[in-house]
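Data first, discussion second: the structure below is written as structure tokens.
A short reminder: the numbers here are calculations on the coordinates, not readings from a lab. Here the structure is a predicted model, which means the values were calculated and not measured. Cβ placement follows ideal geometry from the backbone for every residue including glycine, while neighbour counts extend to all protein chains displayed.
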Amino acid sequence: MTLTDPRLAVSPATPRPADDLSDDEIAELNVEFERLPASKIIQWAVDNFAPHLALTASMTDAVVIDLAHRVYPEIEVVFIDTGYHFPETLETVERVRRHYGLNLKMMTVQHHDEALWEVDPENCCSAVKVGQLDRALLGKAAWMSGLRRTEADTRAAAPIVTRDLRGLIKVNPIATWTDDDVAGYIDDRDIIVNPLIEQGYLSIGCMPCTSLPSDPDDPRSGRWAGRGKTECGLHLD
Ligand code: SF4
């Protein structure tokens with residue numbers, strides 16, 4: 001199966017349902033996508049699933065937003081405002097929104113009186129982040145993220161296209177990108193980045209659960225440091 005296979009060349013006017021792709025087709029696509037640029041992978045996702053397609057953003061930088069926006073300016077970008085973000089991250093959201101005229105879907109979480117992240121971070125992520133993503137993806141057939149294999153050992157084998165626990169198609173167009181690839185794209189295209197990056201943060205999540213990385217070779221070593229937790233659950237497939 002190739003990108004020109006008629007089974008894959010579906011007009012955006014007739015988006016595919018997520019269960020239209022078999023596991024074998026997903027496996028074939030992964031082989032093919034390993035050698036394709038991110039823009040082609042995004043184009044495939046748009047051709048097959050738009051407008052029932054969203055892109056989630058952490059707002060560490062706008063690399064994947066820029067890539068997707070160039071292919072499909074109407075792409076719906078989901079940002080989950082947990083209520084615990086750094087002010088710099090919220091400023092970045094606004095800068096990116098204005099710069100691209102973004103079709104932004106801001107998922108805002110009701111304020112919790114208790115510090116759930118302190119007593120039960122697993123439950124906090126599940127209720128706050130995953131619950132909001134579930135809501136944001138209602139009615140969608142597929143979604144994309146900026147997840148990369150080099151971000152963490154837990155992500156080293158991340159596929160480019162997969163089926164998530166909801167049964168939706170999940171696409172990681174820059175899964176194969178290295179840190180240098182990202183830095184080069186940011187330089188080349190003058191991409192907006194979260195100012196916390198300049199302060200040494202390599203992976204940015206909620207403020208109570210993000211610190212400067214203890215290991216410069218492990219970008220996510222500052223996430224939930226000392227709490228035995230490495231993922232928030234958004235990217236479980
Ligand atoms: S990262 Fe921390 S504050 Fe944010 S949702 Fe997860 S546990 Fe809660």
* To do: Would you confirm whether any residue within region 169-181 is in contact with a Ser or Thr (Cβ under 7 Å, 6 or more places away or on another chain), under 21 Å from Ala136 (Cβ atoms) and not acidic (Asp, Glu)?
  => yes
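Here are Leu202, Leu234, Leu212, Leu196: which of them is part of a helix (DSSP H, G or I) and closer than 30 Å to His99 by Cβ? I'd like the intermediate steps shown before the answer.
Values: Leu202 fails: part of a helix (DSSP H, G or I); Leu234 fails: part of a helix (DSSP H, G or I); Leu212 fails: part of a helix (DSSP H, G or I).
Result: Leu196 is the single residue among Leu202, Leu234, Leu212, Leu196 that is part of a helix (DSSP H, G or I) and closer than 30 Å to His99 by Cβ.
Select from region 98-130 the residues that are away from the ligand (no atom under 16 Å from the Cβ), over 16 Å from the mean Cα position of the chain (by Cα) and either part of a loop (DSSP other than H, G, I, E, B) or surrounded by 16 or more Cβ atoms within 10 Å (Cβ to Cβ) (or both) and list them in ascending order. Walk me through it before giving the result.
Taking region 98-130 as the starting set, the residues that turn out to be away from the ligand (no atom under 16 Å from the Cβ) are 98-105.
If we keep only those that are over 16 Å from the mean Cα position of the chain (by Cα) as well, we get 98-101.
Once the filter is applied, which keeps residues that are away from the ligand (no atom under 16 Å from the Cβ), over 16 Å from the mean Cα position of the chain (by Cα) and either part of a loop (DSSP other than H, G, I, E, B) or surrounded by 16 or more Cβ atoms within 10 Å (Cβ to Cβ) (or both), region 98-130 yields Tyr100, Gly101.
Is it true that some residue in region 192-199 is closer than 21 Å to Arg220 by Cβ and within 16 Å of the chain's Cα centre (by Cα)?
Start the filter on region 192-199 by keeping residues that are closer than 21 Å to Arg220 by Cβ, which leaves 193-199.
Applying the additional criterion that residues be within 16 Å of the chain's Cα centre (by Cα) yields 193-194.
Yes, there is a match, as at least one residue in region 192-199 is closer than 21 Å to Arg220 by Cβ and within 16 Å of the chain's Cα centre (by Cα).
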* Asked: Which members of region 76-95 meet the condition of being free of Cβ contacts under 8 Å to residues at least 40 places away in the same chain, surrounded by 15 or more Cβ atoms within 10 Å (Cβ to Cβ) and away from the ligand (no atom under 16 Å from the Cβ)?
  -> Glu76, Val77
* What tally of residues in region 170-200 results from selecting those that are within 16 Å of the ligand (Cβ to nearest atom) and out of contact with any helix residue (DSSP H, G or I) (no Cβ under 6 Å at 6 or more places or on another chain)? -> 0
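Could you please find all residues in region 165-181 being part of a loop (DSSP other than H, G, I, E, B) and either touching a Pro at 6+ places or on another chain (Cβ under 8 Å) or surrounded by fewer than 18 Cβ atoms within 10 Å (Cβ to Cβ) (or both)?
To start, the set of residues in region 165-181 that are part of a loop (DSSP other than H, G, I, E, B) comprises 165-168, 172-178.
The answer is Leu165, Arg166, Gly167, Asn172, Ala175, Thr178.
If only one of Gly200, Gly184, Gly205 is touching a residue at least 12 places away in the same chain (Cβ under 8 Å) and exposed (fewer than 13 other Cβ atoms within 10 Å of the Cβ), which one is it?
Working: Gly184 fails: touching a residue at least 12 places away in the same chain (Cβ under 8 Å); Gly205 fails: exposed (fewer than 13 other Cβ atoms within 10 Å of the Cβ).
Answer to the check: Gly200.
Considering region 16-37 alone, what residues qualify as being in contact (Cβ under 8 Å) with a residue 40 or more places away in the chain, of a type in the set (D, E, K, R) and farther than 13 Å from Asp164 by Cα? So that I can check it myself, show each step before the final result.
Looking only at region 16-37, we keep the residues that are in contact (Cβ under 8 Å) with a residue 40 or more places away in the chain, and these are 16-19, 21, 23, 26, 29-30, 33-34.
Of the ones still in play, those that are also of a type in the set (D, E, K, R) are 16, 19, 23, 34.
Across region 16-37, the qualifying residues are Arg16, Glu34.
Filter region 201-219 down to the residues that are more than 12 Å from the ligand (Cβ to nearest atom) and in contact with a helix residue (DSSP H, G or I) (Cβ under 9 Å, 6 or more places away or on another chain), then identify the one that is farthest from Thr82 (Cα to Cα). Outline the logic, then answer.
The initial filter retains those residues of region 201-219 that are more than 12 Å from the ligand (Cβ to nearest atom), namely 201-202, 212-219.
Filter once more, keeping what is in contact with a helix residue (DSSP H, G or I) (Cβ under 9 Å, 6 or more places away or on another chain): 201-202, 212-215, 218-219.
On the way: Tyr201: 19, Leu202: 20, Leu212: 20, Pro213: 21, Ser214: 24, Asp215: 26, Asp218: 24, Pro219: 21 Å.
Filtering region 201-219 for residues that are more than 12 Å from the ligand (Cβ to nearest atom) and in contact with a helix residue (DSSP H, G or I) (Cβ under 9 Å, 6 or more places away or on another chain), the one farthest from Thr82 (Cα to Cα) comes out as Asp215.
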